[in-house]
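Okay, structure first, notes after.
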Amino acid sequence: MTLTVLLILLFAAALHAGWNALVKRAADREMASISVALGGGVVGAALLPFLPPMSAAAIPYVLGTAVVHIAYYWLVARAYRGDLSVSYPLMRGLAPLIVTAVGAVLLGEVPGPLSMAGIALVCGGIVALAFEGLKAGRGGRHAVGAALLNAAVIASYTLCDGVGVRVSGEAATYTSWLMVASAITNLAWTLRRPSAAVCRRVLAHTGIGLVGGAMSMLSYGLALWAMTVAPIGLVAAIRESSVLFAAAMGAFALNERFGAPRWAAAGVVAAGLAAVKLGAAG
């Protein structure tokens, strides 16, 4: 976990928060999230002719994640019926703990004591960012439920892709095929009962889809590349610092409150990131 990898992951985190904010601002969040998936597929398909081939051994991982992403985008839309600064921390803050635990058991990637403490601080600080909004009732029971369920979904596809990108041998190619496959499965799910109204709703979000899709692909592609050079659990924890960016966007762009408790939680996340970096360096 070099400084370069850390900075790349922080940039990826900012991109991830950015496309989530775009979905949150949309009036039709379900179609906006689907449009982001489709936009990522368009960008991925455009890049594939210029990329080296992917190992056939990675195909099951691409297909598995593509199916899981149907649930991910569906739950994203429902989670954002509550505040971005409530739903986003719950979704993203719990996933790295699951990834780290499963990764230790299945992949033998056991973080050192300092790194493990850092992961716990990052996740605890991230989840704490949601507390103020929860206490004020700005989450909503159904939105919170969707966010918690999505944490498990995020952990499952993170582990799948972490192994898949290593098997593939080409992070950019794997990411592009993943985006194409996810776009196809999400389009098939959206149009399972095709209608002109659904098509109009999707097309109405073309701009969000292309911009958000490009941001999503670059963000996830950078994270997947990092998983080829660093433990998956550490990468997942650092990437979820995107919650800090999302909380800031919620405060300054979406007029969501960012009080003293959230500043304290942000400090805990920052301390956790420092511990992860120091632990990995050691």
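In this calculation the C-beta distance from residue 25 to residue 252 is compared with R0 = 22 Å, giving a FRET efficiency of 0.95.
What translational D, rounded to a whole number of µm²/s, comes out for the chain from Stokes-Einstein when the hydrodynamic radius is the Kirkwood one over Cα pairs, at 20 °C and 1.002 mPa s? If you can, show how the numbers build up before the last one.
Numbers: Rh = 18.6 Å.
The Stokes-Einstein estimate is 115 µm²/s.
Extension gain for residue 71 to residue 192 (0.36 nm times residue separation, less C-alpha to C-alpha distance): 42.1 nm. If R0 is taken as 35 Å, the Cβ-Cβ distance between residue 278 and residue 211 corresponds to a FRET efficiency of 0.45.
Segment 88-113 to segment 185-229: how many Å between their Cα centroids? That distance is 26 Å.
Put simply, the convex hull of the Cα atoms in segment 130-247 casts, on average, a shadow of 9.1 nm². The distance from the alpha carbon centre of segment 1-40 to that of segment 66-86 is 12 Å, rounded to a whole number. The phi-based Karplus calculation (6.51 cos²θ - 1.76 cosθ + 1.60; θ = phi - 60°) puts the 3J(HN,Hα) values of segment 227-241 at 5, 7, 10, 8, x, 4, x, 5, 4, 4, 5, 5, 4, 6, 5 Hz, whole numbers, x for Gly and Pro. Taking Cβ atoms as reference points and 15 Å as the exclusive limit, the residues near residue 61 contribute a net charge of -1, counting Lys and Arg as +1 and Asp and Glu as -1. Sorted on the mean count of surrounding Cβ atoms within 10 Å across their residues, most packed first, peptides 165-176, 111-122, 215-226 read 215-226, 165-176, 111-122.
For segment 22-27, putting each phi into the Karplus relation 6.51 cos²θ - 1.76 cosθ + 1.60 with θ = phi - 60° gives couplings of 4, 5, 4, 6, 6, 5 Hz, in residue order, rounded to whole numbers and with x for Gly and Pro.
The label point for residue 2 and the one for residue 63, both projected 7 Å from the Cα toward the Cβ, are 3.7 nm apart.
Above 19 Å lies some portion of the pair distances; for segment 165-221, what is it as a whole percent of all C-alpha pairs?
Numbers: 647 of 1596 pairs.
That fraction is 41 percent.
Take the convex hull of the alpha carbons in segment 1-149; its mean projected area over all directions comes to 10.9 nm². Taking Lys and Arg as +1 and Asp and Glu as -1, the other residues whose beta-carbon sits under 13 Å from that of residue 148 total +3.
Highest mean packing first, where packing is the average number of other Cβ atoms within 10 Å per residue, the peptides 148-154, 18-24, 237-243 line up as 237-243, 18-24, 148-154. Based on Cα contacts under 8 Å between residues 6+ apart, segment 1-146 shows a relative contact order of 28 percent.
FYI, it's all coordinate maths here, none of it is from the lab. Here the structure is a predicted model, which is why all the values come from computation and not from measurement. When we count neighbours, we look across all protein chains shown, and the Cβ atoms used for this are built from the backbone with ideal geometry, even at glycine.
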